[in-house]
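Novice: There's a structure below that I have some questions on.
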Amino acid sequence: RKRVTTISGLWHLAGQTVSILGDGAVQPNKTVSSGSITLATAAATVQIGFSYNSDLKLLRIEAGASDGTALAKTRRTHRVGILMHRTLDMKIGPSFDDLTTITFRTAADRMGHAPELYSGIISENVSFDYDFENSICIRQDQPLLGAILAIAPQMVTQDR
């Protein structure tokens, strides 16, 4: 497979900043100039497009309590399990202004190469405060695949 550093034919994107995925690895954003861009790293398979956030905010969770409903009680999420399919980037937090990146790359992954897409369960400790809403927000903001199949929060409910 031929690896290239220059991608042309992008006249329709002139002056626009684009996100780049080269051989499965995220590359720095580039601005299209004269109908082309120069990649930071040579790649054989390149995908180019506009950057955007894929945001998920769960509805208020009725987790229950030892004495019945948790509806009028404060609650705190302390751990979240997420079942993912072919995913590499994800951030989680109590709001979109307070997100923590979930790490997919391990010491076993070869540097200079994109890690394999992850399928399975990731269980993350989170430090949310006690409140009535206890929102769980998840964001994918890289030009990577991502599919969430299930979310299983662990919560503590408490009377006022």
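The values are calculated or read from the model by the stated rules, or taken from the named source; none is laboratory data. Note that this is a predicted model, so its numbers are computed, not measured. Positions of Cβ are generated from backbone atoms using ideal geometry, with glycine treated the same way; all protein chains shown enter the neighbour counts. Heads up: the accessible areas ignore ligands, DNA and RNA and are worked out on the full protein's heavy atoms, side chains in. Shrake-Rupley method; radii C 1.70, N 1.55, O 1.52, S 1.80 Å.
Novice: Could you look at the chain and say what percent of its accessible area is carbon and sulfur, using a 1.4 Å probe and all protein chains?
Specialist: 51
Novice: Per residue, how much accessible surface does the chain expose to a 1.4 Å probe? Answer in Å², no decimals.
Specialist: For the chain, the solvent-accessible area averages 61 Å² per residue.
Novice: Using a cut-off of under 17 Å, list every residue of the stretch 72-100 whose amide N is near the label point 7 Å from the Cα of A114 along the Cα-to-beta-carbon line.
Specialist: Hits in the stretch 72-100 for A114 at 17 Å: 85-90.
Novice: At L99 and E62, where each label point lies 7 Å from the Cα along Cα→Cβ, what is the point-to-point distance in nanometres?
Specialist: 3.0
Novice: Using each residue's phi in the stretch 66-75, evaluate 6.51 cos²θ - 1.76 cosθ + 1.60 at θ = phi - 60° and report the 3J(HN,Hα) Karplus result to the nearest Hz, with x for Gly and Pro.
Specialist: Values per residue, Gly and Pro as x: 4, 10, x, 6, 9, 3, 9, 10, 7, 9 Hz.
Novice: Then there is this: Placing +1 on the Cβ of each Lys and Arg and -1 on the Cβ of each Asp and Glu in the chain, which of T157, F104, A72 has its Cα farthest towards the positive end of the resulting dipole?
Specialist: F104
Novice: State the label only: which of [x] 106; [y] 130; [z] 154 corresponds to volume of the Cα convex hull per residue in Å³ computed from the shown model?
Specialist: [y]
Novice: At a Cα cut-off below 20 Å, give the aspartates and glutamates reachable from K57, other chains included and same-chain residues fewer than 8 away excluded.
Specialist: K57 reaches D89, D97, D98, E124, D129, D131, E133, D141.
Novice: OK, next. Pop out the ³J(HN,Hα) list for the stretch 125-134 in order, Karplus 6.51 cos²θ - 1.76 cosθ + 1.60 with θ = phi - 60°, rounded to Hz; leave Gly and Pro as x.
Specialist: 6, 10, 10, 7, 7, 6, 6, 7, 7, 6
Novice: Among P143, P94, P28, determine the one that fluctuates most according to a GNM of the chain built with springs between C-alpha atoms less than 10 Å apart.
Specialist: Of the options given, P28 has the highest mean-square fluctuation.
Novice: Name the most mobile residue of R139, R110, R60, meaning the one with the largest mean-square fluctuation, in a Gaussian network model of the chain with Cα contacts below 10 Å.
Specialist: Result for the chain, Cα springs under 10 Å: R110 fluctuates most.
Novice: Let me ask another. Between the alpha-carbon centers of the stretch 88-107 and the stretch 23-64, tell me the distance in whole angstrom.
Specialist: The stretch 88-107 and the stretch 23-64 have Cα centres spaced 15 Å from each other.
Novice: State the answer as a single residue: which of H113, F128, Q142 lies farthest towards the positive end of the charge dipole of the stretch 99-147, with beta carbon charges of +1 for Lys and Arg and -1 for Asp and Glu, about the Cα centre.
Specialist: Ranked along the dipole, the leading option is H113.
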